[in-house]
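A.B. asks: Can you keep this structure in mind? I'll have questions shortly.
The values are calculated or read from the model by the stated rules, or taken from the named source; none is laboratory data. Here the structure is a predicted model, which means the values were calculated and not measured. Virtual Cβ from ideal backbone geometry, glycine too; neighbours counted across all protein chains shown. These accessible areas exclude ligands, DNA and RNA; they are computed on the full protein's heavy atoms, side chains included. Shrake-Rupley method; radii C 1.70, N 1.55, O 1.52, S 1.80 Å.
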Amino acid sequence: MTTQTAFRASLLDGAQPIPDGLIDGQGRPAGRRYAVYRNNVAVSLREALATGFPAVAKLIGAENFDNLAGLFLRQSPPASPLMMHYGAGFPGFLEDFPPLQHIGYLSDVARLELAMRRAYHAADAAAIDPACLVNLDEDALLAARLTIAPAVQILRSAWPVLSVYRYALDPTQPKPQAQPQDVVILRPDLDPEPHALPQGAADFITGLQSGASFGTALEQAGEDFDLPATLGLLIPGQALASLTL
């Protein structure tokens, strides 16, 4: 193993021995300094993960989360120096981690928290004037293509994921009911806002995101789709970025 490879491997795994031959700028042995640095790196990454997934941390407890973060770090070290990207693989890690598979909703809560982070860091986009839709005749509206703002994120879950997320962070919220939830994350101002979606709305929004016309997205949403309720979320949420006729 090369010195550089050994340095990185030991840095991310406290069980590994300190690499041989480390010296400081004065040529003195630097094993103790390396140990301090390694501990600081591990603590910083655990804190970054806890900051990015606060609901998951609440659901399993701080001590369990800290231990889990250490395991995740060794399995999935940072791929980027930008901490905003750290933890992208955490939902999948939770889903595949045997001791936690009895908490079926946990990985989807992590996906929700990750989607909120992505919404926060997404590019800005100016919203359309709602009058643009009102002034179209039916044929023009059905043929139109609406661009969804980059910050908009969709999560479809077999669990009451948004209710669990809210209850984990604030136990005064209503207790989650056992039912699936589709969630949209909007960013009308600076902070992402998650909202539960009515039936068919996730299909409608993902259809628009894929470039489908308004009419095609409506068909994908199904007969029970509540268009007014969905537009009532998307328009004030500044989710509609452009209109192409």
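A.B. asks: What residues qualify as long-range amide H neighbours of Ala212, i.e. H under 5 Å apart, gap of 5 or more or another chain, H built at 1.01 Å from N?
C.D. replies: none
A.B. asks: Count the net charge of all other residues whose Cβ sits under 13 Å from the Cβ of Ala201, scoring Lys and Arg as +1 and Asp and Glu as -1. Mind dumping the intermediate values first?
C.D. replies: Working: positive: Arg156; negative: Asp182, Asp203, Asp224, Asp226.
Neighbourhood net charge equals -3.
A.B. asks: Counting only protein heavy atoms, what percent of the accessible surface of the stretch 74-211 is carbon or sulfur at a 1.4 Å probe? Kindly include the intermediate steps, with their values, before the conclusion.
C.D. replies: Working: 3890 of 7350 Å².
Ligands and nucleic acids excluded, carbon and sulfur give 53 percent.
A.B. asks: While we're on this one: Just the number please: accessible area per residue for the stretch 116-198, 1.4 Å probe, all protein chains included, in Å². Could you put the intermediate results ahead of the total?
C.D. replies: On the way: 4790 Å² over 83 residues.
Per-residue accessible area for the stretch 116-198 comes out at 58 Å².
A.B. asks: By its C-alpha gyration tensor, with a ≥ b ≥ c as the square roots of the eigenvalues, how is the stretch 127-245 shaped: rounded for a/c under 1.5, else prolate for a/b larger than b/c, else oblate?
C.D. replies: Numbers: a/c = 2.53, a/b = 1.74, b/c = 1.46.
It comes out prolate by the Cα gyration axes.
A.B. asks: Can you divide the C-alpha Rg of the stretch 91-187 by 2.2 N^0.38 Å and report the result to two decimal places?
C.D. replies: On the way: Rg = 17.7 Å, N = 97, 2.2 N^0.38 = 12.5 Å.
Taking N as the residue count of the stretch 91-187, the ratio is 1.41.
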